[in-house]
Amino acid sequence: MLTNTAMKPLFIGLMSGTSLDAVDAVLVEFDGASCRVLAALSHPLPEQLRQTLLELTLPGDNEIEKLAEAEPAFARECAGAVQSLLKASQQKPENIAAIGSHGQTIRHRPEKHFTLQIGDPSLIAELTHTTVVADFRRRDIAAGGQGAPLVPAFHQSVFRQFDERSVIVNIGGMANLTILDEQPVRGFDTGPGNILMDQWSLRHTGQPFDNNGKWADSASFDQPLLEHLLEEAYFHQLPPKSTGRELFNMKWLANRLERFPHLSPAQVQSTLCQLTANTIAHDIRHFAPDSRAVYLCGGGAHNQALSQRLRQQLPDHSVSTTEALGIHPDWVEAVAFAWLARQTLQGLPGNQPEVTGAAGPRILGAIYPA
Ligand SMILES: Nc1ncnc2c1ncn2[C@@H]1O[C@H](COP(=O)(O)OP(=O)(O)O)[C@@H](O)[C@H]1O
Ligand SMILES: [Mg+2]
(Lines give C-alpha, C1' and ligand atoms only; values in the text may rest on other atoms or scores of the structure.)
(Ligands and ions follow the chains in the order given, each with its own letter.)
Protein backbone atom coordinates (compact mmCIF):
# COMPACT_ATOMS: atom_id res chain seq x y z
CA MET A 1 0.00 0.00 0.00
CA LEU A 2 1.14 3.50 -0.73
CA THR A 3 0.91 6.50 1.49
CA ASN A 4 -0.91 9.61 0.33
CA THR A 5 2.28 11.48 -0.40
CA ALA A 6 3.83 8.68 -2.46
CA MET A 7 0.66 8.20 -4.52
CA LYS A 8 0.69 9.28 -8.13
CA PRO A 9 -2.37 11.43 -8.78
CA LEU A 10 -3.45 9.82 -12.07
CA PHE A 11 -5.87 6.91 -12.20
CA ILE A 12 -7.80 5.21 -14.95
CA GLY A 13 -11.34 3.96 -14.43
CA LEU A 14 -12.95 1.31 -16.65
CA MET A 15 -16.68 0.65 -16.61
CA SER A 16 -18.99 -1.52 -18.63
CA GLY A 17 -22.45 -1.79 -17.13
CA THR A 18 -25.50 -3.96 -17.65
CA SER A 19 -26.33 -2.16 -20.92
CA LEU A 20 -23.26 -3.82 -22.46
CA ASP A 21 -22.96 -0.86 -24.82
CA ALA A 22 -19.24 -0.08 -24.40
CA VAL A 23 -16.27 0.03 -22.07
CA ASP A 24 -16.09 3.58 -20.74
CA ALA A 25 -12.53 4.66 -19.93
CA VAL A 26 -11.50 7.80 -18.05
CA LEU A 27 -8.20 9.32 -17.01
CA VAL A 28 -8.67 11.12 -13.72
CA GLU A 29 -6.47 13.37 -11.64
CA PHE A 30 -7.25 13.36 -7.94
CA ASP A 31 -6.43 16.15 -5.58
CA GLY A 32 -7.74 15.50 -2.09
CA ALA A 33 -11.52 15.14 -2.36
CA SER A 34 -11.73 16.71 -5.79
CA CYS A 35 -11.12 15.09 -9.12
CA ARG A 36 -10.68 16.21 -12.69
CA VAL A 37 -11.39 14.14 -15.79
CA LEU A 38 -8.40 14.67 -18.11
CA ALA A 39 -9.56 12.37 -20.90
CA ALA A 40 -12.44 10.02 -21.54
CA LEU A 41 -13.68 7.72 -24.26
CA SER A 42 -16.22 5.02 -24.95
CA HIS A 43 -14.75 1.89 -26.47
CA PRO A 44 -17.52 -0.07 -28.23
CA LEU A 45 -17.56 -3.85 -27.84
CA PRO A 46 -17.30 -6.09 -30.94
CA GLU A 47 -20.77 -7.44 -31.70
CA GLN A 48 -19.80 -11.09 -31.35
CA LEU A 49 -18.23 -10.56 -27.93
CA ARG A 50 -21.25 -8.55 -26.88
CA GLN A 51 -23.50 -11.46 -27.88
CA THR A 52 -21.40 -13.99 -25.94
CA LEU A 53 -21.42 -11.73 -22.87
CA LEU A 54 -25.18 -11.33 -23.19
CA GLU A 55 -25.63 -15.10 -23.35
CA LEU A 56 -23.46 -15.46 -20.25
CA THR A 57 -25.74 -13.17 -18.26
CA LEU A 58 -28.44 -15.85 -18.17
CA PRO A 59 -28.14 -19.59 -17.46
CA GLY A 60 -27.32 -21.52 -20.64
CA ASP A 61 -25.29 -24.32 -22.22
CA ASN A 62 -21.55 -24.73 -22.05
CA GLU A 63 -21.02 -21.71 -19.82
CA ILE A 64 -17.41 -22.39 -18.77
CA GLU A 65 -16.19 -22.72 -22.35
CA LYS A 66 -18.01 -19.53 -23.30
CA LEU A 67 -16.46 -17.85 -20.28
CA ALA A 68 -13.01 -19.03 -21.38
CA GLU A 69 -13.58 -17.25 -24.69
CA ALA A 70 -15.23 -14.14 -23.38
CA GLU A 71 -13.05 -13.33 -20.38
CA PRO A 72 -9.69 -12.79 -22.15
CA ALA A 73 -11.49 -11.18 -25.12
CA PHE A 74 -13.17 -8.67 -22.81
CA ALA A 75 -9.86 -8.03 -20.98
CA ARG A 76 -8.24 -7.27 -24.36
CA GLU A 77 -10.98 -4.72 -25.10
CA CYS A 78 -10.35 -3.14 -21.68
CA ALA A 79 -6.61 -2.97 -22.41
CA GLY A 80 -7.40 -1.51 -25.85
CA ALA A 81 -9.54 1.17 -24.22
CA VAL A 82 -6.65 2.02 -21.85
CA GLN A 83 -4.18 2.23 -24.73
CA SER A 84 -6.48 4.53 -26.71
CA LEU A 85 -6.95 6.70 -23.64
CA LEU A 86 -3.19 6.96 -23.01
CA LYS A 87 -2.61 7.81 -26.64
CA ALA A 88 -5.32 10.47 -26.70
CA SER A 89 -3.97 12.08 -23.53
CA GLN A 90 -0.29 11.56 -24.39
CA GLN A 91 0.30 9.82 -21.08
CA LYS A 92 2.64 6.92 -20.30
CA PRO A 93 1.75 3.86 -18.20
CA GLU A 94 4.43 4.74 -15.65
CA ASN A 95 2.52 7.93 -14.75
CA ILE A 96 -0.64 5.98 -13.86
CA ALA A 97 -1.03 4.83 -10.25
CA ALA A 98 -3.59 2.16 -11.18
CA ILE A 99 -6.49 1.16 -13.37
CA GLY A 100 -9.73 0.51 -11.50
CA SER A 101 -11.51 -2.09 -13.60
CA HIS A 102 -15.11 -2.94 -12.86
CA GLY A 103 -15.22 -5.94 -15.23
CA GLN A 104 -18.37 -7.14 -16.93
CA THR A 105 -21.07 -8.44 -14.62
CA ILE A 106 -22.33 -11.73 -15.95
CA ARG A 107 -24.21 -12.76 -12.81
CA HIS A 108 -25.38 -10.77 -9.80
CA ARG A 109 -27.17 -12.84 -7.19
CA PRO A 110 -26.70 -11.12 -3.86
CA GLU A 111 -29.41 -13.31 -2.31
CA LYS A 112 -27.07 -16.26 -2.94
CA HIS A 113 -24.04 -14.25 -1.78
CA PHE A 114 -22.71 -14.36 -5.32
CA THR A 115 -21.69 -11.80 -7.89
CA LEU A 116 -19.31 -12.25 -10.84
CA GLN A 117 -17.50 -9.59 -12.85
CA ILE A 118 -15.20 -10.95 -15.55
CA GLY A 119 -12.33 -9.33 -17.47
CA ASP A 120 -9.08 -10.98 -16.37
CA PRO A 121 -7.20 -8.25 -14.44
CA SER A 122 -3.90 -10.13 -14.82
CA LEU A 123 -4.19 -9.88 -18.58
CA ILE A 124 -5.09 -6.17 -18.41
CA ALA A 125 -2.00 -5.57 -16.19
CA GLU A 126 0.17 -7.58 -18.58
CA LEU A 127 -1.05 -5.74 -21.69
CA THR A 128 -1.05 -2.23 -20.23
CA HIS A 129 2.05 -2.45 -17.98
CA THR A 130 -0.08 -0.80 -15.34
CA THR A 131 -1.31 -1.90 -11.89
CA VAL A 132 -4.92 -3.04 -11.98
CA VAL A 133 -7.38 -3.05 -9.08
CA ALA A 134 -10.41 -5.25 -9.75
CA ASP A 135 -13.08 -7.51 -8.23
CA PHE A 136 -14.50 -4.74 -6.05
CA ARG A 137 -17.86 -6.25 -5.28
CA ARG A 138 -17.07 -9.60 -3.74
CA ARG A 139 -15.47 -8.33 -0.55
CA ASP A 140 -18.64 -6.41 0.24
CA ILE A 141 -20.69 -9.56 -0.46
CA ALA A 142 -18.33 -11.52 1.82
CA ALA A 143 -19.11 -8.99 4.55
CA GLY A 144 -22.82 -9.71 4.15
CA GLY A 145 -23.57 -6.87 1.72
CA GLN A 146 -25.23 -6.66 -1.68
CA GLY A 147 -21.92 -5.82 -3.38
CA ALA A 148 -23.89 -2.99 -5.00
CA PRO A 149 -24.33 -0.17 -5.58
CA LEU A 150 -20.73 0.91 -4.97
CA VAL A 151 -20.98 4.40 -6.46
CA PRO A 152 -22.69 6.14 -3.49
CA ALA A 153 -19.46 6.38 -1.43
CA PHE A 154 -17.83 8.09 -4.41
CA HIS A 155 -20.84 10.37 -4.98
CA GLN A 156 -20.66 11.37 -1.34
CA SER A 157 -16.94 12.05 -1.50
CA VAL A 158 -16.94 14.25 -4.62
CA PHE A 159 -20.46 15.71 -4.90
CA ARG A 160 -21.39 16.43 -1.32
CA GLN A 161 -19.40 19.64 -1.25
CA PHE A 162 -21.68 21.11 -3.95
CA ASP A 163 -25.20 20.61 -2.70
CA GLU A 164 -26.30 18.89 0.44
CA ARG A 165 -29.98 18.37 -0.25
CA SER A 166 -29.66 16.47 -3.45
CA VAL A 167 -29.98 13.08 -5.05
CA ILE A 168 -27.66 11.62 -7.70
CA VAL A 169 -29.46 9.25 -10.07
CA ASN A 170 -27.40 7.00 -12.30
CA ILE A 171 -29.50 5.65 -15.17
CA GLY A 172 -27.58 2.82 -16.82
CA GLY A 173 -29.03 -0.58 -17.65
CA MET A 174 -30.29 -0.50 -14.07
CA ALA A 175 -30.94 2.72 -12.19
CA ASN A 176 -29.49 3.56 -8.81
CA LEU A 177 -29.70 6.61 -6.61
CA THR A 178 -27.60 8.21 -3.91
CA ILE A 179 -29.22 10.45 -1.31
CA LEU A 180 -26.68 13.10 -0.37
CA ASP A 181 -28.73 14.95 2.20
CA GLU A 182 -28.44 12.18 4.75
CA GLN A 183 -25.76 11.13 7.16
CA PRO A 184 -24.70 8.43 6.55
CA VAL A 185 -25.38 8.62 2.86
CA ARG A 186 -27.87 6.11 1.50
CA GLY A 187 -28.43 4.61 -1.91
CA PHE A 188 -29.83 1.59 -3.72
CA ASP A 189 -30.91 0.26 -7.10
CA THR A 190 -34.40 1.53 -7.89
CA GLY A 191 -34.92 -1.09 -10.64
CA PRO A 192 -34.63 -1.00 -14.43
CA GLY A 193 -33.05 2.07 -15.99
CA ASN A 194 -32.69 1.64 -19.76
CA ILE A 195 -32.53 -2.12 -20.00
CA LEU A 196 -36.16 -2.92 -20.81
CA MET A 197 -36.51 0.09 -23.13
CA ASP A 198 -33.31 -0.93 -24.97
CA GLN A 199 -34.40 -4.50 -25.55
CA TRP A 200 -37.93 -3.55 -26.56
CA SER A 201 -36.53 -0.96 -28.96
CA LEU A 202 -34.14 -3.49 -30.51
CA ARG A 203 -36.90 -6.02 -30.99
CA HIS A 204 -39.43 -3.68 -32.58
CA THR A 205 -37.38 -0.98 -34.30
CA GLY A 206 -33.96 -2.65 -34.76
CA GLN A 207 -32.36 0.24 -32.85
CA PRO A 208 -30.24 -0.65 -29.77
CA PHE A 209 -31.84 2.22 -27.86
CA ASP A 210 -34.66 4.69 -28.24
CA ASN A 211 -32.76 7.83 -29.23
CA ASN A 212 -33.88 10.69 -26.96
CA GLY A 213 -36.95 8.62 -26.09
CA LYS A 214 -38.64 9.78 -29.31
CA TRP A 215 -40.36 6.46 -29.88
CA ALA A 216 -41.60 6.38 -26.27
CA ASP A 217 -42.98 9.89 -26.72
CA SER A 218 -44.78 8.93 -29.93
CA ALA A 219 -47.47 7.14 -27.89
CA SER A 220 -49.13 7.60 -24.54
CA PHE A 221 -48.32 5.18 -21.73
CA ASP A 222 -50.88 2.68 -20.53
CA GLN A 223 -51.88 3.18 -16.90
CA PRO A 224 -53.18 -0.39 -16.29
CA LEU A 225 -49.96 -1.91 -17.69
CA LEU A 226 -47.87 0.52 -15.64
CA GLU A 227 -49.76 -0.48 -12.48
CA HIS A 228 -49.28 -4.14 -13.32
CA LEU A 229 -45.51 -3.66 -13.80
CA LEU A 230 -45.33 -1.76 -10.52
CA GLU A 231 -46.68 -4.83 -8.70
CA GLU A 232 -43.22 -6.38 -9.03
CA ALA A 233 -42.03 -7.28 -5.51
CA TYR A 234 -38.61 -5.67 -6.05
CA PHE A 235 -40.18 -2.20 -6.12
CA HIS A 236 -41.73 -2.81 -2.70
CA GLN A 237 -38.65 -4.22 -1.00
CA LEU A 238 -36.86 -1.94 1.41
CA PRO A 239 -33.17 -1.11 0.81
CA PRO A 240 -30.45 -2.35 0.95
CA LYS A 241 -31.25 -3.83 -2.45
CA SER A 242 -29.65 -4.27 -5.85
CA THR A 243 -30.77 -5.90 -9.04
CA GLY A 244 -29.78 -6.83 -12.59
CA ARG A 245 -30.63 -8.62 -15.80
CA GLU A 246 -31.39 -11.75 -13.79
CA LEU A 247 -34.72 -10.19 -12.84
CA PHE A 248 -35.46 -7.38 -15.30
CA ASN A 249 -35.28 -8.98 -18.73
CA MET A 250 -37.50 -9.76 -21.73
CA LYS A 251 -38.94 -12.81 -19.99
CA TRP A 252 -40.06 -10.66 -17.08
CA LEU A 253 -41.70 -8.27 -19.52
CA ALA A 254 -43.28 -10.97 -21.71
CA ASN A 255 -44.96 -12.55 -18.67
CA ARG A 256 -46.48 -9.23 -17.72
CA LEU A 257 -47.56 -8.33 -21.24
CA GLU A 258 -49.71 -11.44 -21.60
CA ARG A 259 -52.75 -9.57 -20.36
CA PHE A 260 -52.12 -6.61 -22.68
CA PRO A 261 -52.10 -7.97 -26.26
CA HIS A 262 -54.03 -4.93 -27.49
CA LEU A 263 -51.19 -2.47 -26.81
CA SER A 264 -48.99 -1.28 -29.66
CA PRO A 265 -45.19 -1.65 -29.31
CA ALA A 266 -44.92 2.15 -29.02
CA GLN A 267 -47.42 2.20 -26.13
CA VAL A 268 -45.39 -0.48 -24.37
CA GLN A 269 -42.19 1.55 -24.91
CA SER A 270 -43.89 4.62 -23.51
CA THR A 271 -45.01 2.60 -20.47
CA LEU A 272 -41.47 1.25 -19.92
CA CYS A 273 -40.13 4.81 -19.99
CA GLN A 274 -42.82 5.81 -17.50
CA LEU A 275 -41.91 2.82 -15.30
CA THR A 276 -38.29 3.98 -15.02
CA ALA A 277 -39.37 7.57 -14.32
CA ASN A 278 -42.04 6.61 -11.80
CA THR A 279 -39.92 4.17 -9.79
CA ILE A 280 -37.05 6.68 -9.53
CA ALA A 281 -39.39 9.57 -8.64
CA HIS A 282 -41.33 7.48 -6.14
CA ASP A 283 -38.15 6.45 -4.33
CA ILE A 284 -36.88 10.04 -4.25
CA ARG A 285 -40.15 11.29 -2.75
CA HIS A 286 -40.28 8.42 -0.28
CA PHE A 287 -36.65 8.12 0.81
CA ALA A 288 -35.41 11.67 0.27
CA PRO A 289 -38.43 13.85 1.08
CA ASP A 290 -36.24 16.84 1.97
CA SER A 291 -34.20 16.79 -1.22
CA ARG A 292 -34.69 19.58 -3.75
CA ALA A 293 -32.19 18.85 -6.52
CA VAL A 294 -31.76 15.79 -8.71
CA TYR A 295 -28.62 15.27 -10.80
CA LEU A 296 -28.77 12.61 -13.50
CA CYS A 297 -25.88 10.59 -14.88
CA GLY A 298 -25.45 7.46 -16.99
CA GLY A 299 -26.64 7.09 -20.57
CA GLY A 300 -30.28 7.53 -19.52
CA ALA A 301 -29.48 11.18 -18.75
CA HIS A 302 -29.56 11.69 -22.55
CA ASN A 303 -33.07 10.33 -22.86
CA GLN A 304 -35.11 13.54 -23.03
CA ALA A 305 -38.46 11.76 -22.76
CA LEU A 306 -37.27 10.12 -19.57
CA SER A 307 -35.92 13.30 -17.97
CA GLN A 308 -39.06 15.18 -18.98
CA ARG A 309 -41.23 12.56 -17.28
CA LEU A 310 -39.00 12.67 -14.21
CA ARG A 311 -39.52 16.44 -14.06
CA GLN A 312 -43.29 15.94 -14.26
CA GLN A 313 -43.13 13.44 -11.40
CA LEU A 314 -40.90 15.69 -9.29
CA PRO A 315 -42.39 19.19 -9.69
CA ASP A 316 -40.66 20.47 -6.53
CA HIS A 317 -37.19 19.39 -7.62
CA SER A 318 -34.74 20.88 -10.05
CA VAL A 319 -33.65 18.11 -12.43
CA SER A 320 -30.32 18.53 -14.24
CA THR A 321 -27.24 16.41 -14.89
CA THR A 322 -23.97 15.93 -13.01
CA GLU A 323 -22.39 18.26 -15.56
CA ALA A 324 -23.57 20.98 -13.16
CA LEU A 325 -21.40 19.32 -10.49
CA GLY A 326 -18.34 19.14 -12.71
CA ILE A 327 -18.49 15.62 -14.14
CA HIS A 328 -20.13 14.86 -17.48
CA PRO A 329 -22.94 12.30 -16.98
CA ASP A 330 -21.32 9.77 -19.33
CA TRP A 331 -18.22 9.38 -17.16
CA VAL A 332 -19.40 9.37 -13.55
CA GLU A 333 -19.43 5.60 -13.11
CA ALA A 334 -16.02 5.08 -14.70
CA VAL A 335 -14.60 7.89 -12.53
CA ALA A 336 -16.10 6.08 -9.53
CA PHE A 337 -14.02 3.00 -10.34
CA ALA A 338 -10.86 5.10 -10.65
CA TRP A 339 -11.74 6.49 -7.20
CA LEU A 340 -12.39 3.00 -5.82
CA ALA A 341 -8.95 1.86 -7.07
CA ARG A 342 -7.41 4.85 -5.29
CA GLN A 343 -9.24 3.99 -2.08
CA THR A 344 -7.88 0.45 -2.26
CA LEU A 345 -4.29 1.56 -2.88
CA GLN A 346 -4.61 3.97 0.03
CA GLY A 347 -5.91 1.23 2.29
CA LEU A 348 -9.27 2.97 2.61
CA PRO A 349 -12.76 1.44 2.41
CA GLY A 350 -14.77 1.75 -0.80
CA ASN A 351 -18.16 0.49 0.28
CA GLN A 352 -20.80 2.31 2.25
CA PRO A 353 -22.21 -0.27 4.72
CA GLU A 354 -25.52 1.63 5.05
CA VAL A 355 -25.96 1.29 1.29
CA THR A 356 -24.89 -2.28 0.66
CA GLY A 357 -25.86 -3.78 4.02
CA ALA A 358 -22.32 -5.05 4.67
CA ALA A 359 -21.24 -5.60 8.27
CA GLY A 360 -18.82 -2.68 8.00
CA PRO A 361 -16.53 -0.62 5.81
CA ARG A 362 -14.14 -2.78 3.79
CA ILE A 363 -11.11 -2.21 1.56
CA LEU A 364 -12.44 -3.53 -1.73
CA GLY A 365 -10.89 -5.50 -4.54
CA ALA A 366 -7.56 -7.09 -5.30
CA ILE A 367 -4.37 -5.50 -6.60
CA TYR A 368 -2.63 -6.88 -9.69
CA PRO A 369 0.76 -5.15 -9.81
CA ALA A 370 2.13 -3.73 -13.05
N1 LIG B 1 -29.33 9.77 -26.74
C2 LIG B 1 -29.85 8.80 -25.99
N3 LIG B 1 -31.18 8.61 -25.91
C4 LIG B 1 -31.72 7.63 -25.20
N5 LIG B 1 -30.98 6.74 -24.47
C6 LIG B 1 -29.65 6.88 -24.49
C7 LIG B 1 -29.01 7.89 -25.24
N8 LIG B 1 -27.67 7.76 -25.05
C9 LIG B 1 -27.49 6.70 -24.23
N10 LIG B 1 -28.68 6.16 -23.89
C11 LIG B 1 -28.93 4.97 -23.05
O12 LIG B 1 -27.85 4.77 -22.17
C13 LIG B 1 -27.44 3.41 -22.19
C14 LIG B 1 -26.00 3.31 -21.81
O15 LIG B 1 -25.89 3.87 -20.54
P16 LIG B 1 -24.71 3.50 -19.56
O17 LIG B 1 -24.69 4.53 -18.50
O18 LIG B 1 -23.46 3.26 -20.34
O19 LIG B 1 -25.25 2.14 -18.97
P20 LIG B 1 -24.44 0.91 -18.35
O21 LIG B 1 -23.77 1.43 -17.13
O22 LIG B 1 -25.49 -0.10 -18.07
O23 LIG B 1 -23.47 0.49 -19.43
C24 LIG B 1 -27.76 2.96 -23.61
O25 LIG B 1 -27.92 1.56 -23.68
C26 LIG B 1 -29.07 3.72 -23.87
O27 LIG B 1 -30.14 3.01 -23.34
MG1 LIG C 1 -22.26 1.59 -20.56
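The values are calculated or read from the model by the stated rules, or taken from the named source; none is laboratory data. None of the values given here were measured: they were computed from a predicted structure. We place every Cβ from the backbone using ideal geometry, glycine too, and count neighbours over all the protein chains shown. Calculation scope for accessible area: heavy atoms of the full protein, side chains included, ligands and nucleic acids excluded. Shrake-Rupley method; radii C 1.70, N 1.55, O 1.52, S 1.80 Å.
What to note about this one:
- Enumerated helices (runs of 4 or more DSSP H) restricted to segment 269-370, each holding at least 3 residues that are within 16 Å of ligand 2 (Cβ to nearest atom): 332-345
- Residue match in segment 48-65 (condition: under 17 Å from Asp24 (Cα atoms), at pLDDT 95 or above and among the acidic types (Asp, Glu)): no
- Within the option set Tyr295, Tyr368, being surrounded by fewer than 22 Cβ atoms within 10 Å (Cβ to Cβ) and in contact with a helix residue (DSSP H, G or I) (Cβ under 8 Å, 6 or more places away or on another chain) holds for one residue only, Tyr368.
- Restricted to segment 2-35, and to residues there that are open to solvent by 40 Å² or more (accessible area, probe 1.4 Å) and in contact with a Pro (Cβ under 8 Å, 6 or more places away or on another chain), the residue that is modelled with the highest pLDDT is Glu29.
- Only one of the numbered conditions (1) farther than 25 Å from Ser264 by Cβ; (2) buried (at least 24 other Cβ atoms within 10 Å of the Cβ); (3) among the acidic types (Asp, Glu) is not met by Asp181, and that is (2).
- Any hit, segment 36-43, residues being of a type in the set (A, V, I, L, M, F, W, C), in the same structural domain as Leu348 (by TED's automatic domain parsing), assigned to a strand (DSSP E or B) and surrounded by 22 or more Cβ atoms within 10 Å (Cβ to Cβ): no
- Taking the conditions (1) in a loop (DSSP other than H, G, I, E, B); (2) within 16 Å of ligand 2 (Cβ to nearest atom); (3) of a type in the set (D, E, K, R) in turn, Lys8 satisfies each one other than (2).
- Residue under evaluation Thr243, criteria (1) more than 16 Å from ligand 2 (Cβ to nearest atom); (2) closer than 14 Å to Val268 by Cα; (3) open to solvent by less than 30 Å² (accessible area, probe 1.4 Å), criterion not met: (2)
- Top-ranked residue in segment 123-172 [being among the hydroxyl-bearing types (Ser, Thr, Tyr) and open to solvent by 10 Å² or more (accessible area, probe 1.4 Å); ranked as farthest from ligand 2 (Cβ to nearest atom)]: Thr131
- Residues of segment 303-326 classified as surrounded by fewer than 21 Cβ atoms within 10 Å (Cβ to Cβ) and among the basic types (Lys, Arg), total: 1
- Filter pass, Leu54 being aliphatic (A, V, I, L, M), within 20 Å of the chain's Cα centre (by Cα) and under 22 Å from Ala370 (Cβ atoms): no
- Taking segment 257-281 as the range and being of a type outside the set (Ser, Thr, Tyr), in contact (Cβ under 8 Å) with a residue 12 or more places away in the chain and exposed (fewer than 14 other Cβ atoms within 10 Å of the Cβ) as the test, only Arg259 passes.
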